[in-house]
Amino acid sequence: MNGAGKTIARFFKRYWITILVYLFLIGLYAYVANNHLINAFLFPTTQAICKAFAGDRYIMLLNLIASLSILVPAIVISLALALLIGVIMGMNRGLRDALHPVLYTISVVPSILLSPFALLLAPNFRTASLFLIVYESVWATVFGTITGIMTIDRRYLDKAETLELHGFRKLFRVMLPAASPSIISGFVNSLSGTFVMLVYAEMYGAEYGMGYYVRQNAMLGLYDKTWAGFIFMIVILVIIMQIFEKIRNRLLLWTM
């Protein structure tokens, strides 16, 4: 068996239960919808959904590009802010004791509650969306960074002193790698909420995007296209999450 065959075999060995669950859900929907056992208007047949997807595949691709043009910068900004805040607070106990309760208080405010203010006060939709997505995603990474910096094994720091590593060299060669499991876990955990916030923002202020596509077709009563867009969003989210899972596993290869 060649390398590709071994990879496919490992994939099915690991995810065969997951695949069976998805096949069961698809089969259940097909049986219920195709036999009109539920509202045929809200739950179109699988044939209608496939036809809608085939007809609008290029439109959905354009909306995906529009969504990623907001999502990617928001993730970069969120990660940069989280590392800056988390490292500073993690290294300074006095600052951490003073500001940690403040950050926690701010973080528990749902970003959805801030969306009316953001959409009204921001100069444009893109700025409002960036703010809401960053607000939604930054906190898990901030707290993960603080925890990771706080819990670094003292032996790593002692060895850094022995090797005369100070300042940014110590930060990037010792502290951030040692704290990376906590940082990356917080970041990955925030991704699903980031995607949800993006879709929510697009539903209420965008002219393009996956959320806009779903809402627009739902308002027009085109539920075959609504379901096609909904399934497309789920597939994209799963792919993005898997990509970051692979990146996390590669970066944390040295851990158990």
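Numbers below:
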item	result
Single condition N217 does not satisfy, out of (1) within 25 Å of Y15 (Cβ to Cβ); (2) crowded, with 19+ Cβ neighbours inside 10 Å; (3) of a type outside the set (A, V, I, L, M, F, W, C)	(1)
Residues that are in contact (Cβ under 8 Å) with a residue 12 or more places away in the chain, among the hydrophobic types (A, V, I, L, M, F, W, C) and surrounded by fewer than 20 Cβ atoms within 10 Å (Cβ to Cβ), drawn from the stretch 220-246	L222, F230, I231, I236, L237, I240, M241, F244
Matching residues in the stretch 38-74 - criterion: being among the hydroxyl-bearing types (S, T, Y) and under 17 Å from V235 (Cα atoms)	T46, Y58, S67
Residues that are surrounded by fewer than 16 Cβ atoms within 10 Å (Cβ to Cβ) and under 16 Å from the mean Cα position of the chain (by Cα), drawn from the stretch 69-86	S69, V72, P73, V76, A80
Failed item, numbered, when L119 is tested on (1) in a helix (DSSP H, G or I); (2) farther than 30 Å from Y208 by Cα	(2)
Residue satisfying condition, being in contact (Cβ under 8 Å) with a residue 40 or more places away in the chain and either surrounded by 22 or more Cβ atoms within 10 Å (Cβ to Cβ) or over 27 Å from L114 (Cα atoms) (or both), within set G193, G186	G186
Selection count where residues are exposed (fewer than 14 other Cβ atoms within 10 Å of the Cβ) and assigned to a helix (DSSP H, G or I), scope the stretch 24-49	8
Evaluation of L79 against (1) in the same structural domain as Y212 (by TED's automatic domain parsing); (2) in a loop (DSSP other than H, G, I, E, B); (3) not aromatic (F, W, Y) (one fails), failing number	(2)
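Here's the yes/no breakdown for (1) assigned by TED's automatic domain parsing to the domain that holds M203; (2) over 22 Å from K225 (Cβ atoms); (3) touching a Gly at 6+ places or on another chain (Cβ under 7 Å):
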position: A48; (1), (2), (3): no, no, no
position: A66; (1), (2), (3): yes, no, yes
position: V72; (1), (2), (3): yes, yes, no
position: P101; (1), (2), (3): yes, yes, no
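The values are calculated or read from the model by the stated rules, or taken from the named source; none is laboratory data. The shown structure was predicted, so the numbers you read here are calculated from the model rather than taken from an experiment. Every residue, glycine as well, gets a Cβ built from its backbone with ideal geometry; the counts of neighbours run over all protein chains shown.
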